[in-house]
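Enquirer: Below are the structure tokens for one structure; questions will follow.
Read-outs throughout are calculated quantities, based only on the coordinates presented, and are distinct from any laboratory measurement. Keep in mind the model is a prediction, meaning the values are calculated, not measured. Ideal geometry is used to build each Cβ from the backbone, glycine not excepted, and the neighbour counts take in all protein chains shown.
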């Protein structure tokens, strides 16, 4: 591991050396089987042998777990239900309907008029920062979607709730593509 010396802690380097020794002579199928077994051991430990108090790592229902095995689990969308900014229509028709169903069910279950359905890990977390560090009327510059922006700091996200102005920074046309050397 000389390439990592001085960059990684010695304990990490020792661990990786042990992994190299253990797996160098194993066939790919044997390595894949071991990774599967590790995941199963981890799941057993998480579900049956520990009390997890980290909200972002809570257990989810079997139905929700099955949904994580679909292509939808790794899709990114930006914007409001039925009117997404990214990706362009019609790519959002499935997620829009699912988000609409979520909003409908939550409104019905909790007898409320409004629902914030976006994930806690971005929009809601960024809301905390906006409310802690700004006041209504402040101006907060944000990146455009084309420039890598995210709705959680765009004008239609938390800045709107805070009453802040959130102009979008200009993005040159070439910023939508990357040329690899």
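Enquirer: Using a Förster distance of 35 Å, how high is the FRET efficiency between residue 115 and residue 34, based on the Cβ-Cβ distance and rounded to 0.05?
Expert: For R0 = 35 Å, the calculated efficiency reads 0.25.
Enquirer: Please report the Cα spread of region 1-141 along all three principal axes, rounded to whole Å, starting with the longest.
Expert: Cα spread of region 1-141 along its principal axes, largest to smallest: 58, 39, 37 Å.
Enquirer: Follow-up. So how much slack lies between residue 60 and residue 8, counting 0.36 nm per residue of separation and subtracting their Cα-Cα distance, in nm?
Expert: Answer, rounded to one decimal: 15.3 nm.
Enquirer: From the gyration tensor of the Cα coordinates in region 75-117, what semi-axes in whole Å does the equivalent ellipsoid have, largest first, with each one equal to sqrt(5λ)?
Expert: 22, 9, 7
Enquirer: Ok, one more. By how many nm would the segment from residue 89 to residue 53 lengthen if fully extended, with 0.36 nm per residue of separation less the alpha-carbon distance?
Expert: 9.1 nm
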